[in-house]
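Everything on this sheet refers to the single structure shown next.
The values are calculated or read from the model by the stated rules, or taken from the named source; none is laboratory data. It should be emphasised that the depicted structure is a prediction, and the values quoted were computed from it without experimental measurement. Cβ placement follows ideal geometry from the backbone for every residue including glycine, while neighbour counts extend to all protein chains displayed. With ligands, DNA and RNA removed, areas are computed over all heavy atoms of the protein, side chains included. Shrake-Rupley method; radii C 1.70, N 1.55, O 1.52, S 1.80 Å.
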Amino acid sequence: MDELPSPTPRELEILKVLWEHGPRGVAEVHKLLRPADGKQTAPNTVQTLLRIMETKGLVGHEADGRAFIYRPVYSRDESAARFLDRVFDGAASQLVLSLLNAEKISPAELEELRALINAARKKA
């Protein structure tokens, strides 16, 4: 598996917009951004970030008249799988153990994980 470029926090916010809303132009990405720190990014900054992200291989674009429509190169699932491979050598159990040790999983999320595991067992 190729090395996945690591997005900065702002780049990750842009990727989340593209993953959730599909390919978008700069103005649409800017309008849909909801930065975690509450600081709205300027449209020119979004455009610059998208260009940098394209250079890094995180996004690609298609021309639509004079506008560029950006799309993520990797899906959210592909990005998660690459992260799992890179950080935990592909061991999902180690990822979950790490989250449990850091107490980052709520009881409700644990129940959701249990349901997902049970559904995966039934498919297998």
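Only one residue in 79, 98 is closer than 14 Å to residue 11 by Cα and either in a loop (DSSP other than H, G, I, E, B) or not basic (Lys, Arg) (or both). Which one?
Only one candidate passes the filter, namely 79.
Scan (1) surrounded by fewer than 13 Cβ atoms within 10 Å (Cβ to Cβ); (2) closer than 30 Å to residue 30 by Cβ; (3) of a type in the set (A, V, I, L, M) for the single condition residue 87 breaks and write down its number.
Status for residue 87: all satisfied but (2).
Does residue 77 satisfy the criteria of being at pLDDT below 90 and of a type in the set (D, E, K, R)?
No; evaluated as a whole, the condition is false for this residue.
Which of (1) open to solvent by 70 Å² or more (accessible area, probe 1.4 Å); (2) at pLDDT 85 or above; (3) not aromatic (Phe, Trp, Tyr) does residue 103 not meet, given it meets every other one?
Every listed condition holds for residue 103 apart from (2).
Helices (runs of 4 or more DSSP H) wholly in the range 5-72 with at least 3 residues that are touching a helix residue (DSSP H, G or I) at 6+ places or on another chain (Cβ under 8 Å) and closer than 26 Å to residue 86 by Cβ - which ones?
9-21, 43-56
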